[in-house]
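*Asks:* This is the structure I have questions about; it appears just below.
Where a number appears in this text, it was derived from the coordinates with a stated rule and is not lab data. Because the structure is predicted, anything quoted here is derived from the model rather than measured. Don't worry about glycine lacking a Cβ; one is built from the backbone with ideal geometry, like all the others, and counts go over all protein chains shown.
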Amino acid sequence: MKKAWWKESVVYQIYPRSFCDSNGDGIGDLNGITSKLDYLKELGIDVIWLSPVYRSPNDDNGYDISDYEDIMEDFGSMADFDRLLKSAHEKGLKIVMDLVVNHTSDEHAWFLESRKNAENEKRDYYIWRKGRKLNEVSPEERKQFASDVVEYKGEKFLPPNNWGSFFSGPAWGFSEETGEFYLHLFSKKQPDLNWENERVRKEVFDMMNRWCEKGIDGFRMDVISLISKPEGLPNQPIPTGAIYGDAGQICANGPHVHAYLKEMNRKVLSHYDLITVGETAGVTLEEAKKYANSDGTELNMVFQFEHVSLDDNPKYGFKWNTEKMSLVSLKKNLTKWQNGLYEVGWNSIFFCNHDQPRIVSRLGNDSDLYRERSAKCIATFLHMMQGTPYVYQGEELGMSNYPFQDLSEFRDLESINAFHELTEKAHLDPAELFPMIAFKSRDNARTPMQWDDSENAGFTSATPWIKVNPNYKKVNAKEELARADSVFHYYQKLISLRHHSGLIVYGDFRLLEEEDPNLFIYERHLDGKALLCVCNVSEKEREYTPPAEFQKGQVLIQNIPDRDVRAGKLAPYEAYVLAVE
Ligand code: NOJ
């Protein structure tokens, strides 16, 4: 297998708004990040992925960009960014930028022009369509979408098709200027760019080249699998319980997406030594083999989402749920990806990011008794797998979900809109829905980083933009840095093990005990070396004796210090790794 620095690296994701506030306005910022680089160095990561820091009106916390080459005022200035980049590089840390080019903000100069009139030279930068006259749509659609009817010059229209936005409501925004609709797969302040337009692609590639010239080290590409829309934008089936047609499925891996990424690779990526990861909603293994092909003609790797969709709600078909995922399904799914991309592509391995609830609450056990041990257990089986690991801020402390009690505590438009749409239009019982949203909301990941036990967890001296998890007095970086058996030091060790082991980075993967509902056990092999990763992902005590081959192995790491791992017993959430030469 071809070796590469980005295969041997560990990436740490920062959500700047919630990381560290240096200027006392309740919002994290670039100087705050710069002040914490030594902390990241101590953890041992190699690469920082910054969620968007560009100018943005913040409808979707920076994923709605109004200027790709300026910095959001809340976060500081371009001079602050340059200082961060320089300081990171001096410490041997790389910086990956979030590239959000499926859509812009509706306040981006391109869109402000585009919406003016149909003849505007930027009109075709976005996806504009005429609405459907009411007499052209079926009575069912007229009834279903009654609240979306718009009136223009005395006539009534419905949006061009039945697609729903990922953030509730129709995927089409109406523009009074021309009486036409623009496509927005996300919020109505996030109009989709028209990638079929060669000039749009050139603008994006030129902008990327300018960032590369500045010295950044890579891109994480937001919903890059959605940039090529299907021919004719046809109506889609409405999933059970939903109101609108499913746009996600039909837009994912669209007809020209690989051609566009190959063009991007030729015109930008291949000219620099970058790490690139595509956020590919709706990606299948077969598609991932193209995006992350080992010939390097598209991207280094992708984020796939099958494993973090296993706890979607079977009753309603949406992500909101209170149930944990089944470990058997998780093991099977991860094994499919581990083996499926081996030697033909490259995996990213992650559970947490700014869109996912905290994994210790989601899959582990965040009670006082098991929070730390289960966080370490999950980290063990994630970090011993093949692929580039991503650690999301606070994951290395075992930060847990926020105990939401009231809708007013949420800041995320996805959670808030979903609550309204599902209770008001789909008539779900608010008492049933609220705990589901509380469990899966993206805001669980977005509460401030817990630095110490001082007010607001040391994140800010002002009122934070979103509440701090009340467990910060116990769960914080200062306490964990000072304690040898903390979650922090466990992550530090996992990261260091990877840095010193070709086997962990490049070895193959063999799942054992496939059908066991509690145990996640696998082997890795490379050039005559092997390791065995054993995790009891449950509150039950279990019996387990390592295979003979590993009996004399060396313990690389274990989450219950000094325990005899050969004694044949596994405590709740116990994890260990044995290695043999
Ligand atoms: C995926 C990002 O991770 C998410 O946070 C964002 O809301 C959407 N893309 C839209 O940009």
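*Asks:* I'd like to compare 553-562, 331-340, 63-72: which one has the highest average count of other Cβ atoms within 10 Å, and what's the full order after that?
*Replies:* 63-72, 331-340, 553-562
*Asks:* Residues with amide H under 5 Å of Asp192's amide H, sequence separation 5 or more or different chain, H placed in the peptide plane at 1.01 Å from N; which?
*Replies:* Ile127, Leu183, His184, Leu185
*Asks:* With r defined as the distance between the Cβ atoms of Leu112 and Asn235 and R0 fixed at 30 Å, what FRET efficiency is calculated, to the nearest 0.05?
*Replies:* 0.50
*Asks:* Please name which of His427, Gln393, Gln450 has its Cα lying farthest along the dipole of segment 390-456 towards the positive end, using unit charges on Cβ (Lys, Arg +1; Asp, Glu -1) and the Cα centre as origin.
*Replies:* With unit charges placed on the Cβ atoms, the residue in question is His427.
*Asks:* A further question follows. Per DSSP H run of n ≥ 4, the term is -39500 (n - 2.57); total these for the chain, divide by its residue number, and report the mean residue ellipticity at 222 nm rounded to 500 deg cm²/dmol.
*Replies:* -7500 deg cm²/dmol
*Asks:* What's the magnitude of the charge dipole for segment 79-147 around its Cα centre, counting Lys and Arg as +1 and Asp and Glu as -1 at the beta-carbon? Answer in Debye, nearest 20.
*Replies:* Its charge dipole is roughly 220 debye.
*Asks:* Moving on. With +1 on each Lys and Arg Cβ and -1 on each Asp and Glu Cβ, how big is the dipole of the chain about its Cα centre, in debye rounded to the nearest 20?
*Replies:* 960
*Asks:* Which entries in Lys156/Lys425; Lys3/Lys289; Lys289/Lys324; Lys376/Lys569 show an alpha-carbon gap greater than 26 Å?
*Replies:* Beyond 26 Å: Lys289/Lys324.
*Asks:* Additional query: What order do you get for 436-442, 38-44, 118-124 when each peptide is scored by the mean count of other beta carbon atoms within 10 Å, highest first?
*Replies:* Going by the mean number of other Cβ atoms within 10 Å, highest first, we get 436-442, 38-44, 118-124.
*Asks:* Quick check: pseudo-label points 7 Å beyond the Cα along Cα→Cβ at Asn135 and Asn120, how many nm apart are they?
*Replies:* Between Asn135 and Asn120, the label points sit 3.2 nm apart.
*Asks:* Please list, short to long, the whole-number percent of alpha-carbon pairs of the chain in consecutive 20 angstrom bins beginning at zero.
*Replies:* That works out to 20, 55, 23, 2, 0, in percent per bin.
*Asks:* Convert each backbone phi in segment 55-67 into a coupling constant with the Karplus relation 6.51 cos²θ - 1.76 cosθ + 1.60 (shift: θ = phi - 60°), then list the ³J(HN,Hα) values in order as whole Hz, x for Gly and Pro.
*Replies:* Coupling constants for segment 55-67: 4, 6, x, 6, 5, 10, 6, x, 7, 10, 9, 9, 8 Hz.
*Asks:* Tell me, Ser294, Ser361 in order of fewest to most beta-carbon neighbours within 10 Å?
*Replies:* On the way: Ser294 15, Ser361 22.
Fewest-to-most Cβ neighbours within 10 Å comes out as Ser294, Ser361.
*Asks:* Quick check: pseudo-label points 7 Å beyond the Cα along Cα→Cβ at Thr335 and Glu42, how many nm apart are they?
*Replies:* Distance between the two pseudo-spin positions: 4.0 nm.
*Asks:* Dipole size in debye (nearest 20) for segment 37-95 around its Cα centre, Lys and Arg Cβ +1, Asp and Glu Cβ -1?
*Replies:* 400
*Asks:* Once the Cα gyration tensor of segment 355-395 is found, what semi-axes does its equivalent ellipsoid get, as square roots of 5 times the eigenvalues, in whole Å, sorted largest first?
*Replies:* Working through the eigenvalues yields semi-axes of 18, 12, 8 Å.
*Asks:* Another one. How would Trp5, Trp49 line up from fewest to most surrounding beta-carbon atoms within 10 angstrom?
*Replies:* Ascending Cβ contact count within 10 Å gives the list Trp5, Trp49.
*Asks:* Can you give the % of DSSP beta bridges in the chain that are antiparallel, to the nearest 5? The partial results should precede the final answer.
*Replies:* Working: 41 of 67 bridges.
DSSP beta bridges in the chain are roughly 60 percent antiparallel.
*Asks:* Next up: Considering amide H positions built from the backbone, and no H for Pro or chain starts, which residues 5 or more places from Phe318, or on another chain, come under 5 Å of its amide H?
*Replies:* Sorted by chain and number, the residues that satisfy this are Asn313.
*Asks:* Still on this structure, please answer the following. Which aspartates and glutamates does Lys2 reach when only Cα atoms under 19 Å apart count, and residues fewer than 8 places away in its own chain are ignored?
*Replies:* Leaving aside aspartates and glutamates fewer than 8 places away in the same chain, those within reach of Lys2 are Asp273, Asp295, Glu298, Glu343, Asp508, Asp527.
*Asks:* Kindly flag which residue pairs out of Lys7/Lys214; Lys467/Lys493; Lys7/Lys188; Lys262/Lys331; Lys493/Lys552; Lys94/Lys552 have an alpha-carbon separation exceeding 27 Å in this structure.
*Replies:* Lys467/Lys493; Lys7/Lys188; Lys262/Lys331; Lys94/Lys552
*Asks:* Using +1 at the C-beta of Lys and Arg and -1 at the C-beta of Asp and Glu, which of Phe166, Thr297, Val204 has the Cα lying farthest in the positive direction of the dipole of the chain?
*Replies:* Of the listed residues, the answer is Thr297.
*Asks:* Let me ask something additional. Lys156 versus Ala242, label points 7 Å from Cα toward the beta carbon: distance in nm?
*Replies:* 2.6
*Asks:* With the dipole of segment 124-219 worked out from charges on the C-beta (+1 for Lys and Arg, -1 for Asp and Glu) around the Cα centre, which of Ser138, Ile216, Phe181 lies farthest toward the positive end?
*Replies:* Towards the positive end, the residue furthest out is Ser138.
*Asks:* Let me ask another. Grab the Cα-Cα distance for Asp312 and Glu69, subtract it from 0.36 nm times how many residues apart they are, and report the gain in nm with one decimal.
*Replies:* In short, 83.8 nm is gained.
*Asks:* What's the extension gain from Lys3 to Lys262 if we count 0.36 nm per residue and subtract their Cα-Cα distance?
*Replies:* Length difference between fully extended and current span is 91.1 nm.
*Asks:* Between Thr545 and Arg563, what is 0.36 nm times their sequence separation minus the Cα-Cα distance? Round to one decimal in nm.
*Replies:* Full extension from Thr545 to Arg563 adds 5.1 nm.
*Asks:* For Glu286 and Val580, what does the FRET efficiency come to when R0 = 45 Å and r is the distance between their Cβ atoms, rounded to the nearest 0.05?
*Replies:* Working: r = 35 Å, r/R0 = 0.77.
That gives a FRET efficiency of 0.80.
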